[in-house]
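The values are calculated or read from the model by the stated rules, or taken from the named source; none is laboratory data. Note that the coordinates shown come from a computational prediction; the quantities given were computed from them, not determined experimentally. No Cβ is skipped: glycine too gets one built from the backbone with ideal geometry, and neighbour counts run over all protein chains shown. Remember, those area values only see protein heavy atoms, side chains included, never the ligands or the DNA or RNA. Shrake-Rupley method; radii C 1.70, N 1.55, O 1.52, S 1.80 Å.
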Amino acid sequence: ETRSIGMTGHRLADAALRCYPAWWRRLYGEEVGQLTDDLLSDGRSELRLAANLLGGALAARLWARAMPPRAELWLARARASIAVATLPFLGVLPFVFFGLHANEGYRTLPQWQVLRLTQAPTAEVIRQIFTLLHVGVIVGLIAALAGWLSLIDGVKLSRVLEPSHPRRLLRLPVVFLVVLLGLYIARVTQLPRGVGGVPGSPGLLVVHGGNPGAAALLLDGIWAVLGVGSVAAIVAIARVAKVCEVPWKTMTSGRRVAATTSIVLCAMAVCAVVALAVSGPHGFVTRPMGIGVGNLHAPHTAYMVFPDWALMAVPLMLASAMSFAGWRASGRASAVLRTLDPRIGITHTRF
């Protein structure tokens, strides 16, 4: 019976060996597979060996442990690290949009709870956090768009490693970001500026400014673009990063975008965690502008509950950690490449 190189014939051990990068399996797979097979034949626990192998696979992927000093391997790692640092922003966008939209819903609460929450000192803090989260989304989208426009220029000068159409693929994320950013800005302009009462009609509230109907339609458009565009953009960027050797000028620009993305995601994660902590399990209620305490009605208040905050904060923390790790890995790859290839100057690796 023929087996793949480095495979032992034991299910758990083979699954752990497949978790190693391709370069590691080519260099060390056969030797480690044979050693693992001998240890299993001597009665060693397969579960413990598989756990040790998984730890080694994690170290090889995260820190490039045992990667030989070959420029092509470190170039591939630098490209992959930049992609890892930037793509989490796309993956977390649906969760952020859900959280920001949840604040605009209307829920019914007892009037005493509405008064207590709206008068709490944390109300202003959370209002500012929502503003910062909106700014973070816009800055992240602009940074991603600038990075991928730079990548298009780099692809024009790159050497394609295998037959593909990278330029066509790169049009997908650019179109996705332009459309998403346009829809987002358009929706912000259509949101109501406040809610006020009608003279002579106590309890009747009207929306001032904006167009709620248009804002709702634009929100549906954003969800549709997010659902299709995020997947298409991630696949396209991952494919281009795999098959194209872009010049170092583009790699340097990519590292700057990776740093910006990491900073934006970390800041958004901190904001979401702070809001989660200060709002408490009861959430946050916004009193409509123009309405006095005596005319406040609970059904006309924006309310965000604890699970809504958590659904935004947890993915942001994971995305920021992944983005930061990718950015740091790209820095180490750049430093190693500087020692391997004298054509790469310090100005190309310092950021």
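Within the range 252-269, none of the residues are of a type in the set (Gly, Ala, Ser), part of a helix (DSSP H, G or I) and at pLDDT below 85. Checking the range 234-243 against the condition returns no match, with no residue being hydrophobic (A, V, I, L, M, F, W, C), without any contact (Cβ under 8 Å) to a residue 40 or more places away in the chain and within 14 Å of residue 326 (Cβ to Cβ). Using the structure shown, decide if residue 290 is open to solvent by 70 Å² or more (accessible area, probe 1.4 Å), at pLDDT below 60 and in a helix (DSSP H, G or I). Taking the combined requirement at face value, the residue does not satisfy it.
Go through the residues of the range 110-118 one by one and say whether even a single one is at pLDDT 75 or above and surrounded by 17 or more Cβ atoms within 10 Å (Cβ to Cβ). No, the range 110-118 has no match at all.
Quick grid of which residues meet (1) in contact with a strand residue (DSSP E or B) (Cβ under 9 Å, 6 or more places away or on another chain); (2) assigned to a loop (DSSP other than H, G, I, E, B); (3) modelled with pLDDT of 85 or more; (4) not hydrophobic (A, V, I, L, M, F, W, C):
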| position | (1), (2), (3), (4) |
| --- | --- |
| 309 | yes, no, no, no |
| 321 | no, no, yes, no |
| 331 | no, no, yes, yes |
| 351 | no, yes, no, no |
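Taken over the range 52-104, residues that are touching a Pro at 6+ places or on another chain (Cβ under 6 Å), open to solvent by less than 60 Å² (accessible area, probe 1.4 Å) and either in contact (Cβ under 8 Å) with a residue 60 or more places away in the chain or part of a loop (DSSP other than H, G, I, E, B) (or both) amount to 1.
State yes or no: is residue 207 at pLDDT 80 or above, open to solvent by 50 Å² or more (accessible area, probe 1.4 Å) and out of contact with any Cys (no Cβ under 8 Å at 6 or more places or on another chain)? Criteria not met by residue 207. Considering the range 85-95, the residues that are at pLDDT 90 or above and hydrophobic (A, V, I, L, M, F, W, C) include one that is nearest to residue 245 (Cα to Cα), namely 85.
If you go through the range 320-338 and keep only what is aliphatic (A, V, I, L, M), in contact (Cβ under 8 Å) with a residue 60 or more places away in the chain and either under 10 Å from residue 85 (Cβ atoms) or open to solvent by 10 Å² or more (accessible area, probe 1.4 Å) (or both), you end up with 322, 325, 329, 336. Of the listed requirements (1) open to solvent by less than 30 Å² (accessible area, probe 1.4 Å); (2) at pLDDT 90 or above; (3) part of a helix (DSSP H, G or I); (4) not β-branched (Val, Ile, Thr), residue 20 misses just one: (3).
When the residues of the range 270-279 are filtered to those that are open to solvent by less than 20 Å² (accessible area, probe 1.4 Å) and hydrophobic (A, V, I, L, M, F, W, C), which remaining residue is modelled with the lowest pLDDT?
So the residue we want is 275.
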